[in-house]
Amino acid sequence: SCPRRMMGADFQRLRNDFPLLARPVRGQRLAYLDSAATTQKPLEVIEALRRYYLEDNANTHRGVHFLSDRATELYEAARERVRRFVNAARADEIVFVRGTTEAINLVAATFGRAFLRAGDEILLSAMEHHSNIVPWQIACEQAGAQLRVVPIDDDGEFRFDEFERLIGPRTRLVAVTHVSNALGTVTPLRRIVERAHAAGVPVLADGAQAIAHAAVDVQALGCDFYAFSGHKLYAPMGIGVLYGKSEWLAKLPPYQGGGHMIRDVTFARTEYDLPPRKYEAGTPNVEGAVGLAAALDYLERIGLAAIGAHERALLDYATARVAEIGGLRVIGTAREKGAILSFVVDGFTAGEVGSALDRHGVAARSGHHCALPAMRRFGIEGTARASFALYNDREDVDQLVAALRTLRR
Ligand code: PMP
């Protein structure tokens, strides 16, 4: 299908879809440049949540009563909506979770229990978010396995040559980010998957920073697992997705035990339901799934290609503009980058830069971005980070630059 072409002027109008962006902050126009942390929500997502509670709320059990059927239908329709969004082969490859963190913990815990043994290795990159490090560390500790780390270069590029050197007969799984939240680097995920599969090794991709910025096709990428959070995709907090190939979801053990994930329970043994329910113990987040489906409708109407182009133009503009600031250095200069601009300013801590921005109505994250190993790689404590979404414009960037100009010793 051909995405409708949106012009800059159309994107200008989209800001009005997000009621919160009209809120003044510290008496000034809000320049919200922290969408990598979480996105604001369009009115139609907020309305979908309201409608759900006004008209459709019940727990999900089929054939119990009218509203329960209705909630179940909405929940399963959202699953199908997500399937279509990421082009998974089957809806039962879509597991609803709390977010990226829970998705990765689910795979690390279950894969670890079933397949990790002493001496095995899990291969990560040096720019992973803590949520794609710590769960693997826990799984490795339990199994007596080890983490191996693919280094990055001075631009923050994934060292593919080192990856090829590190993948070997002990590698059980590769866990790698699709887009780095700290540096903006887009990793060569498809090539990574091809190389890993050639060695018979499955790949989990952390899609938290990729999913809202370009069309993601899990079949084209070929990865075995793909994790993302609704809240970085204009959807509510507390809902996220683990895509898992059906072969893997069939053979991994359950994560949590409880209601909604069983076929039969006796005190002697439990027969689990089929995936995805096997991995969805307890009352599901129906509200979150409904909000996620509404967000995907909103996004696809605009078109991921148009969003990606708009954000790339903004990133280029911002990269050029911040170069005017004396002593500012961009951290993360990979050839292909997501909608993220991380930087340090000579003589100021990241926190001081963040506070100066905040005083001028600019919301940007400052700190280590839950990627301490990546910060250490560059010999810094942290960065200030401006991140872009479909509702940002040049005015936001100009406000950022004006705020940076006020930094004076
Ligand atoms: N991975 C990356 C690359 C991220 O940017 C984030 C969010 N900062 C996460 C994982 C964790 O996502 P969540 O907190 O929504 O579980």
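Quick notes on this one:
- Qualifying residue in the stretch 315-327 (condition: buried (at least 20 other Cβ atoms within 10 Å of the Cβ), closer than 28 Å to residue 48 by Cα and of a type in the set (Gly, Ala, Ser)): no
- Residue within the stretch 284-300 that is open to solvent by 10 Å² or more (accessible area, probe 1.4 Å), more than 30 Å from residue 346 (Cα to Cα) and within 16 Å of the ligand (Cβ to nearest atom) present: yes
- Counting the residues of the stretch 1-23 that are modelled with pLDDT under 95 and in a loop (DSSP other than H, G, I, E, B) gives 7.
- Filter pass, residue 142 being over 25 Å from residue 198 (Cα atoms) and open to solvent by 10 Å² or more (accessible area, probe 1.4 Å): yes
- Of all residues in the stretch 229-267, those satisfying the criterion of being basic (Lys, Arg) and touching an Asp or Glu at 6+ places or on another chain (Cβ under 9 Å) are 245, 263.
- Look at (1) within 16 Å of the ligand (Cβ to nearest atom); (2) open to solvent by 10 Å² or more (accessible area, probe 1.4 Å); (3) not in a helix (DSSP H, G or I) and you find that residue 137 fails only one, number (3).
- Qualifying positions in the stretch 353-377 - outside any strand (DSSP E or B), within 15 Å of the ligand (Cβ to nearest atom) and open to solvent by less than 30 Å² (accessible area, probe 1.4 Å): 364, 369, 371, 374, 375
- Every test in (1) closer than 30 Å to residue 287 by Cα; (2) surrounded by fewer than 21 Cβ atoms within 10 Å (Cβ to Cβ); (3) touching a residue at least 24 places away in the same chain (Cβ under 8 Å) is passed by residue 263 save one, and that test is (3).
- Taken over the stretch 378-408, the criterion of being open to solvent by 10 Å² or more (accessible area, probe 1.4 Å), outside any loop (DSSP other than H, G, I, E, B) and touching an Asp or Glu at 6+ places or on another chain (Cβ under 9 Å) is satisfied by 405 alone.
- Hits in the stretch 278-312 (condition: in contact (Cβ under 8 Å) with a residue 60 or more places away in the chain and small (Gly, Ala, Ser)): 288, 289, 291, 293, 294, 295, 303, 305, 306, 308
- Single match in 232, 278, 245, 251 (criterion: within 15 Å of the ligand (Cβ to nearest atom) and among the charged types (D, E, K, R)): 232
- The condition (being open to solvent by 50 Å² or more (accessible area, probe 1.4 Å), away from the ligand (no atom under 16 Å from the Cβ) and in a helix (DSSP H, G or I)) is satisfied by just one residue among 62, 79, 70: 70.
- The single residue among 205, 212 that is touching a residue at least 60 places away in the same chain (Cβ under 8 Å) and either within 16 Å of the ligand (Cβ to nearest atom) or farther than 19 Å from residue 134 by Cα (or both) turns out to be 212.
- Restricting attention to the stretch 83-121 and to residues that are within 16 Å of the ligand (Cβ to nearest atom) and small (Gly, Ala, Ser), the residue that is farthest from residue 369 (Cα to Cα) turns out to be 109.
- Boolean, residue 163 is open to solvent by less than 10 Å² (accessible area, probe 1.4 Å) and touching a residue at least 12 places away in the same chain (Cβ under 8 Å): yes
- Residue in the stretch 93-101 that is under 20 Å from residue 253 (Cα atoms), in a helix (DSSP H, G or I), aliphatic (A, V, I, L, M) and within 17 Å of the chain's Cα centre (by Cα) present: no
- Test: residue 45 is touching a residue at least 24 places away in the same chain (Cβ under 8 Å), within 16 Å of the ligand (Cβ to nearest atom) and not polar (S, T, N, Q): no
- Every listed requirement among (1) within 16 Å of the ligand (Cβ to nearest atom); (2) in contact with a Ser or Thr (Cβ under 8 Å, 6 or more places away or on another chain) is met by residue 124 save one, (2).
The values are calculated or read from the model by the stated rules, or taken from the named source; none is laboratory data. Note that this is a predicted model, so its numbers are computed, not measured. Positions of Cβ are generated from backbone atoms using ideal geometry, with glycine treated the same way; all protein chains shown enter the neighbour counts. Quick note on the areas: whole protein, heavy atoms, side chains included, nothing else; ligands and nucleic acids left out. Shrake-Rupley method; radii C 1.70, N 1.55, O 1.52, S 1.80 Å.
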